[in-house]
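Structure, as structure tokens:
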Amino acid sequence: FHRGLVPSMSVLDWITTNVLPTLHEKIQGVRYPKTSNHFEALGNRPFARYFREFLNSVVDRGLPVSHVPIVTRIVDLLRIELEREIEAAASQTQLLKEVFENTHVTHKQVYENILTGVKLQPQFDDFIARADELQRQLKHKQPNLTQPQKDLVPLFHQALKISDRYKSLLDDLASRTGGKADVVSLKGIGRCIEKARFRESETSEMSFDSICDIVRGSVEFSNMSQMLSFLDLLAACDCDFAVSAQSRGWNAIGVGVNDSISLRRVKNRFGRPSSGGWADCLINFCFREENGERGHICEVQMVHGHMMIARTKMNAHKKYELFRSAVELLEATGHKYELNLPDDDVVLERTQSSSEGIRVFKQLEEMKVQMKEEMEEIIARNRVEMENQMLKQLE
């Protein structure tokens, strides 16, 4: 599996019968460590890792029809293993709460400090208003967001079919608005299994039609003006919102963007950050098909460059994976929990007590200084313009 080789069904049967039971016995004792410091996210557990890597390699090859039976069998094995993880989690409530609280505090403080500076940038409020307006309109128009396929393999075949078109559109829109597009590989099958399992009700069968970020990417912006331009241009690609976008000076066809899309959902987390403090704007859309059929829904994440620094260079994303696994396992086992956040001063003291924390806060302070200088420059420029206008009126 680690080398990406495709085993025959008979080999997989032998592995299932002779290897997996022994493996389960060996990892049962280390599934949940004695302390939260050694807790592993679900995707990094020994059992799942190699199976996930193999499935990802098969998707990278285009998910050939000849591989579908073996993929289906491995998906079933991963589902069984996930149920074992949930069963084991039922007796580990305290440890999971500790992981949740520790990781939640760490990245929440970092994100909130950065967002405070981002809010000072020009057109932040304009972006919030525009994104919220789209969010309300789309929620009223189509309250439920689901894919046209419920089964995993056909859903991935749809995703593979549109991935190149998605990348082309994202690159085009980003280049026209000053952003930097980053289209990543399709979401892993292993993570899709987790999302489908943790979202299902106790009485329903596992369905994958609620997973709308298999085809995904991000666009990073250095300021909110660029982000607002991208949002307007993307909306202009949807004929239902084209007239409104044109009233603000955006015409997709006029600037050479010929793809027609249908916006499906906007989730503005700049206005309402996640419980972990992360702020971005998520947009789901699909391409309009000529035959009128529902298209595969994909996702683009609009991110501010300063928030991205925290995610990629301050190790916040790794902590988020631990945080997410702890939350999902707690909810799956029916445990209600309360997050006990310490006072702000305690959070500051805890973070600054390590060399990593000091480095994080130094970078945050540097960002604040840079933003303050930019704002002072803008204010000074506006003051000069106002004085010039007053002089002209006096003349």
Roughly how many percent of the accessible protein surface of segment 150-281 is carbon and sulfur, given a 1.4 Å probe and a whole-percent answer?
46 percent
Summed side-chain charge close to Ser260 - residues other than Ser260 whose Cβ falls under 13 Å, Lys, Arg +1, Asp, Glu -1:
-3
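Take the Cβ-Cβ distance between Asp132 and Lys195 as r, set R0 to 30 Å, and report the resulting FRET efficiency rounded to the nearest 0.05.
Once rounded, the FRET efficiency stands at 0.70.
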With a 1.4 Å probe and all protein chains left in place, how much accessible area per residue does segment 126-199 have, in Å²?
50 Å²
Classify segment 82-219 from the C-alpha gyration tensor, please: rounded if a/c falls under 1.5, else prolate or oblate depending on whether a/b exceeds b/c.
oblate
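The values are calculated or read from the model by the stated rules, or taken from the named source; none is laboratory data. All figures in this text were calculated on a predicted structure; none of them were measured in a lab. When we count neighbours, we look across all protein chains shown, and the Cβ atoms used for this are built from the backbone with ideal geometry, even at glycine. Protein only, heavy atoms only, side chains kept; ligands, DNA and RNA dropped before computing areas. Shrake-Rupley method; radii C 1.70, N 1.55, O 1.52, S 1.80 Å.
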